[in-house]
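Below: one structure, written as structure tokens.
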Amino acid sequence: MKTLSRGGVPLRTTFRINVGLLLVTFLAHVTTTSAQQTQLDSLYILPVQLGEVVVIGAAKKMEHQKQHKPLSTLDEYLEGAQHVNMVKRGAYAWEPVLNNMTSERLTVTIDGMQIFGACTDKMDPVTSYVDVSNLEAAEISSGQRGASFGNAIGGNINLKLENSRFKDKGWYGSFENAFESNNGQRVLGGEVNFARSNFYIDTDVIYRKADNYVAGGGEEVLFSQFEKYNFSVNSGYRVAPGQRILAALIYDEARDVGYPALPMDVSLARAVIASVSWEQDSLGNFTDWETKGYFNTIKHVMDDSQRPEVAIRMDMPGWSDTAGLYSQVFLQKGKHTLQFKIDGYYNRSLAEMTMYPANLEENPMFMLTWPDVRTFNTGLYLEDKLQLGMHTVTLGGRLGFHNNRVADDFGLKSLQIFSPEMEAANSRILKSISAQWHRHLEPFHLYVGGAYGERAPSVSEGYGFYLFNSFDNFDYIGDPNLKTEQAIEGNLKVVFEKSRWTLTAQASIFHMPNYIIGTVAEELSAMTMGASGVKIYENLESAQLINTSFLAECEISKGLKAQAGISWHRGTDSDGGNLPLISPWAYNANLKYQKQGYSATLSVVGNGVQENFNPLYGESQTAAYTVVAASMGKRFFISANDFYVKAGVENLFDARYSTYSDWNNIPRMGRNAFVALSYALN
């Protein structure tokens, strides 16, 4: 096979955006339905299950005594949500999975803003560019209930930023510190805020540094270290009664990040995220008008310079720049509650690979692994919630336009080796529609819903060029002529609420025509040394995915609560083969005590044996496991200020285990003791 090379690496093209005028006719209002809030550390995890809409009020700090482990990473918080799992490639930057679907089939937004990672190996999911210190909540929308944020199949995770919201408190702040024994992680953070009735400004900073962690049984997991800085500032000014202008800025930088499950590490992962918003309480008959413009830029650099033995040295930098705008408004008219939203973004994704032969007299080899792909996406979302006595019907729909264009001629010609008929640009119309019915029959709540949605291929699926996947040991090539992936979804949820008990049973099924996945191309030779071959992304006829769960909650006595849940999942393609990265049956239980400033938690989580795995995608069977954790805390008052200390142990019995979603079965952390201190100046 022909090897592509170039003597010199091209300079990075200046990012240019030409955004035309968007004319908006506002017709709508947002639905507000209640949802259960699962409180995890300093972040609310708000599951939006089976089409329910979660609306979060003003920013609210979690009370420390309700937390299991203060100052955990965002990855750990999200992993505690009922329908979220995480793909782990190391101790840092886990990839969120919702409804057993990975990031290609999800939209992950920060305060409604689109942002895309700059790594071809998904070593920098969107969640890695914020920290819990920035956030008020995580809003989790299942399936097409997340369509207001964009076209996706599995749903949306929206990370909502925290701010003071004109609290009129004057100056206040906090200082926080934590230490973990297993990997020596040090966490240091603080915030300084000023708020009046017409103006506020919030600032916070957090620093994390960890060494290699130790798996259960005492084995050191090499290249699992990381170091991270995060700084944010947001402010608001009340222009007039009912009118506000807001601005936010996040700077996030990680260095020396090890990925033990991958052949390369990361020397730099940096993001700058900025936004300006206009909020207006009323606009004629409409309410809650919000318009936001934003920009974010990411640089991500993979390298293997710290690895002792590699076949050939490589540098793999990547860039992702996104500019966007959305505007939404609300309308209440009779029995109808309407939401109308228009949004759009422009993204530039570019990634390179330079390979350096051991013989210095040989020329380096250069490839564009993402050939400067420009994506323009715009959409219109409309939702109507109709209240009919004890019945509630919610209808939603989205119509989107999606355009990809390969801007680099060298990259275009590289892809045309495999797809000679491809054009530089490709456009699609993406559609989504959903319906949800709710009936309250005391003491039951019944939810039944159905939906249809579509998504465009990701940049890697459409335009990736020789992307090595260490999970199955294949190089991957994108196909720009892939069909649009579709999903037909059905869901059911029954909630029983009586006295101190709440029982929830739910199920969802996704039938996905034109399912996109990599299949072996026998006629092609691998580029990566030692790779098993080449896979090209293709459309399967279809795939099916079933998710079921049951959750029981009980208030045993005042201050003492118990919770237990179990879930089962199944994913197959049209030929009956197992889909990769599908969770086996899983369970969790916890007992929480909180009274008179004291708190304690005992929790158990585990998975069954992974029976439905697929070696064609690099999977091997993972064993069943059970992990136990415990913590205790105490709150004190010093003058009018709040001091809190908490200590605990994770993986109490030092179990050695891997989950189904741990890349290359990398073992998870063994026994880990932690202590966290917080001092708040009120």
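The values are calculated or read from the model by the stated rules, or taken from the named source; none is laboratory data. Owing to the predicted nature of the structure, the values given are computational and were not obtained by experimental measurement. With ideal geometry, Cβ positions are generated from the backbone for all residues, glycine too; neighbour counts draw on all protein chains shown.
I'm trying to understand the selection: among the residues of the stretch 147-191, which are closer than 24 Å to SER128 by Cβ and free of Cβ contacts under 8 Å to residues at least 40 places away in the same chain?
GLY184, GLN185, ARG186, LEU188, GLY190
Among the candidates GLY462, GLY411, GLY449, single out the residue that is small (Gly, Ala, Ser) and assigned to a strand (DSSP E or B).
That would be GLY449, the only listed residue that is small (Gly, Ala, Ser) and assigned to a strand (DSSP E or B).
Restricting the search to the stretch 292-308, which residues are of a type outside the set (Ser, Thr, Tyr) and either buried (at least 16 other Cβ atoms within 10 Å of the Cβ) or farther than 27 Å from SER224 by Cβ (or both)?
Passing the criteria: LYS292, GLY293, PHE295, ASN296, ILE298, LYS299, HIS300, VAL301, MET302, ASP303, ASP304.
Among the residues in the stretch 248-264, are any of a type outside the set (Lys, Arg), closer than 30 Å to PHE166 by Cβ and surrounded by fewer than 16 Cβ atoms within 10 Å (Cβ to Cβ)?
yes
May I ask you to verify whether TRP319 is modelled with pLDDT of 95 or more, under 21 Å from GLN114 (Cβ atoms), surrounded by fewer than 18 Cβ atoms within 10 Å (Cβ to Cβ) and not hydroxyl-bearing (Ser, Thr, Tyr)? Lay out the reasoning, then the answer.
Values: modelled with pLDDT of 95 or more: yes; under 21 Å from GLN114 (Cβ atoms): yes; surrounded by fewer than 18 Cβ atoms within 10 Å (Cβ to Cβ): no; not hydroxyl-bearing (Ser, Thr, Tyr): yes.
It is false that TRP319 is modelled with pLDDT of 95 or more, under 21 Å from GLN114 (Cβ atoms), surrounded by fewer than 18 Cβ atoms within 10 Å (Cβ to Cβ) and not hydroxyl-bearing (Ser, Thr, Tyr).
Take the stretch 490-525 and flag every residue that is among the hydroxyl-bearing types (Ser, Thr, Tyr) and either in a strand (DSSP E or B) or without any contact (Cβ under 8 Å) to a residue 40 or more places away in the chain (or both).
Scanning the stretch 490-525 gives SER499, THR502, THR504, SER508, THR519.
Before we move on, is ARG255 in a strand (DSSP E or B) and either over 23 Å from ARG196 (Cβ atoms) or not hydrophobic (A, V, I, L, M, F, W, C) (or both)?
Judged against the criteria, ARG255 is a match.
Which one is nearest to the chain's Cα centre (by Cα) among residues in the stretch 426-473 that are more than 24 Å from ILE153 (Cβ to Cβ) and of a type in the set (A, V, I, L, M, F, W, C)?
Result: PHE468.
Considering only residues that are within 30 Å of VAL373 (Cβ to Cβ) and in contact (Cβ under 8 Å) with a residue 60 or more places away in the chain, which ones fall in the stretch 278-296?
Those that are within 30 Å of VAL373 (Cβ to Cβ) and in contact (Cβ under 8 Å) with a residue 60 or more places away in the chain: LYS292, TYR294, ASN296.
Just to check your reading of the model, which residue among TYR452, TYR476 is surrounded by fewer than 23 Cβ atoms within 10 Å (Cβ to Cβ) and touching a Lys or Arg at 6+ places or on another chain (Cβ under 7 Å)?
TYR476
Counting just the residues of the stretch 348-371 that are within 23 Å of VAL108 (Cβ to Cβ) and in contact with an Asp or Glu (Cβ under 7 Å, 6 or more places away or on another chain), which one comes out surrounded by the most Cβ atoms within 10 Å (Cβ to Cβ)?
LEU350
Test SER267 against the criterion of being of a type in the set (Gly, Ala, Ser), in contact (Cβ under 8 Å) with a residue 60 or more places away in the chain and in a strand (DSSP E or B), and give yes or no.
no
When residues of the stretch 642-682 are filtered for being aromatic (Phe, Trp, Tyr), surrounded by 20 or more Cβ atoms within 10 Å (Cβ to Cβ) and assigned to a loop (DSSP other than H, G, I, E, B), how many remain?
The number of residues fulfilling the criteria is 2.
Condition check: within 22 Å of TYR77 (Cα to Cα), touching a Ser or Thr at 6+ places or on another chain (Cβ under 6 Å) and in a loop (DSSP other than H, G, I, E, B). Does SER631 satisfy that?
So SER631 fails the test.
Which one of GLY449, GLY397 is closer than 20 Å to TYR326 by Cβ and touching a residue at least 60 places away in the same chain (Cβ under 8 Å)?
On the way: GLY449 fails: closer than 20 Å to TYR326 by Cβ.
Sole residue among the options that is closer than 20 Å to TYR326 by Cβ and touching a residue at least 60 places away in the same chain (Cβ under 8 Å): GLY397.
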